[in-house]
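Participant: So that we are looking at the same thing, I have put the structure below in structure tokens.
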Amino acid sequence: MLVLSRKKNESIIIDDRITVTVVEIRGDKVRLGIEAPREVPIHRSEVYEAIRRVSQAEEPQSGIPAADA
């Protein structure tokens, strides 16, 4: 993991397409602004994990023969 220090209103650039800016620092919370192309999905980690669990549950299990109707 790369760890960078940034102050309020400072940014980092990822792959020339994504800019992450520190918008506000309040106590132990940091607000980030993210500019990215619309096709780049951006989620909080807990939301991403929930989406991943749902999509895995919806995938058919490989190796299990389909039941004949």
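The values are calculated or read from the model by the stated rules, or taken from the named source; none is laboratory data. Since the model is a prediction, treat every value here as computed from it, not as a measurement. Neighbour counts are summed over all protein chains in view; Cβ atoms, including those assigned to glycine, are modelled from backbone coordinates with ideal geometry. Just so you know, the surface numbers come from the protein's heavy atoms only, side chains and all, with ligands and any DNA or RNA stripped out. Shrake-Rupley method; radii C 1.70, N 1.55, O 1.52, S 1.80 Å.
Participant: Give all pairs with beta carbons closer than 8 Å in which a residue from the stretch 1-22 that is without any contact (Cβ under 8 Å) to a residue 60 or more places away in the chain and surrounded by 10 or more Cβ atoms within 10 Å (Cβ to Cβ) meets a residue that is in a loop (DSSP other than H, G, I, E, B) and polar (S, T, N, Q); count only pairs at least 6 apart in sequence or on separate chains.
Facilitator: Close Cβ pairs (under 8 Å, with a partner that is in a loop (DSSP other than H, G, I, E, B) and polar (S, T, N, Q)) amount to Thr21/Asn9; Val22/Asn9.
Participant: Only residues that are open to solvent by 80 Å² or more (accessible area, probe 1.4 Å), under 26 Å from Lys8 (Cβ atoms) and either of a type in the set (Phe, Trp, Tyr) or under 11 Å from the mean Cα position of the chain (by Cα) (or both): list them for the stretch 35-47, please.
Facilitator: Result: Ile42, His43, Arg44, Ser45, Glu46.
Participant: Exactly one condition in (1) within 16 Å of the chain's Cα centre (by Cα); (2) modelled with pLDDT of 95 or more is false for Ser55; which is it?
Facilitator: Among (1) within 16 Å of the chain's Cα centre (by Cα); (2) modelled with pLDDT of 95 or more, the lone unmet condition for Ser55 is (2).
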